[in-house]
Amino acid sequence: MEIDLPRRPALPQFSPLESHGVLVLLSIQFLFAPVVLLRPVGLSAAGLHALYHLVLFVFLLDVAAHGAQLAAAAVLVAASIAIRGTTLVPAVHQLWIADALSATALGLVLWLALKRFFVGDRLTPTLISGAISLYILMGVLWTLCYSVLEALQPGSFATSSEGAGVSVQDLHYFSYVTMMTLGYGDVVPRTPLARSLALFETLAGQMFVVVVLGRVVGIQASVDRSGATESATP
């Protein structure tokens, strides 16, 4: 006697709004980050964090499709925004707590989005742009992690400029340089924990590229086999 077990509902693939929309916002981020370097550090940090939240909210537009998990991420992002300027938390702790909440939310969103990436069975522009968005968002996630670490352990990172402190723009730049294994050396991790985080980001960035390429090749090979089978069928 065969028993039909209930199947878990399949996760939807990337929607055009999520993939293409986020990719545009991330591109703006790369244009925005160098410009704000010319601004005062406080305004620069606020501008970058506002942009991070905007990107996150675009990913959170389909909360209903994922239920409690993505709704929890939305709550974390909202709490991260609300905590800035509140009198309930001392001003000295507001930034790192907000960054920690944002990093947790972004990590959850990235995990859910990565699961959706592996649902696709066709190689489409939407799937490709979604994968690019995920890769760029990984850099944002580590930027937030580095920011939290620098706030809790000042001096975890250093720049080549004498007497200059490490800003969020420096950490934003260091995150992507590390993930792409460029290693210019103008921003360096100084503590064991900072070095461990940088090493983990390098491994995660390289593994992501390998896994995505393997997935793309697998999808294309499956499509080619299906086409050859249909051609051979009389």
Low-density loop GluC sites (Glu not before Pro), the stretch 147-203, at most 16 other Cβ within 10 Å, DSSP non-H/G/I/E/B, are 162
So, with points 7 Å from each Cα along the Cβ direction, the residue 188-residue 203 label distance in nm works out to 2.3
Simple SL model, points at 7 angstrom along Cα→Cβ for residue 24 and residue 88; separation in nm is 3.5
In the neighbourhood of residue 95 defined by beta carbon distances under 11 Å, the net charge of the other residues (Lys, Arg +1; Asp, Glu -1) is -1
So, with points 7 Å from each Cα along the Cβ direction, the residue 152-residue 132 label distance in nm works out to 3.5
Sorted by chain and number, the residues with a modelled amide H under 5 Å from that of residue 187, at a separation of 5 or more or across chains, are none
Counting Lys and Arg as +1 and Asp and Glu as -1 over every other residue whose Cβ sits under 14 Å from the Cβ of residue 207, the net charge comes to 0
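Would you kindly state how much longer the chain becomes between residue 210 and residue 72 on full extension, computed as 0.36 nm times their sequence separation minus their alpha carbon distance, in nm to one decimal?
46.7 nm
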Phi-derived 3J(HN,Hα) across the stretch 176-182 with the Karplus relation (6.51, -1.76, 1.60, θ = phi - 60°), rounded Hz, x for Gly and Pro, is 6, 5, 5, 5, 8, 6, 7
The stretch 65-162: spread of alpha-carbon positions along the three principal axes, whole Å, largest first, is 49, 37, 16
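FYI, it's all coordinate maths here, none of it is from the lab. Source: prediction; values computed, not measured. So basically every Cβ, Gly included, is an ideal-geometry build from the backbone, and we count neighbours across all protein chains shown.
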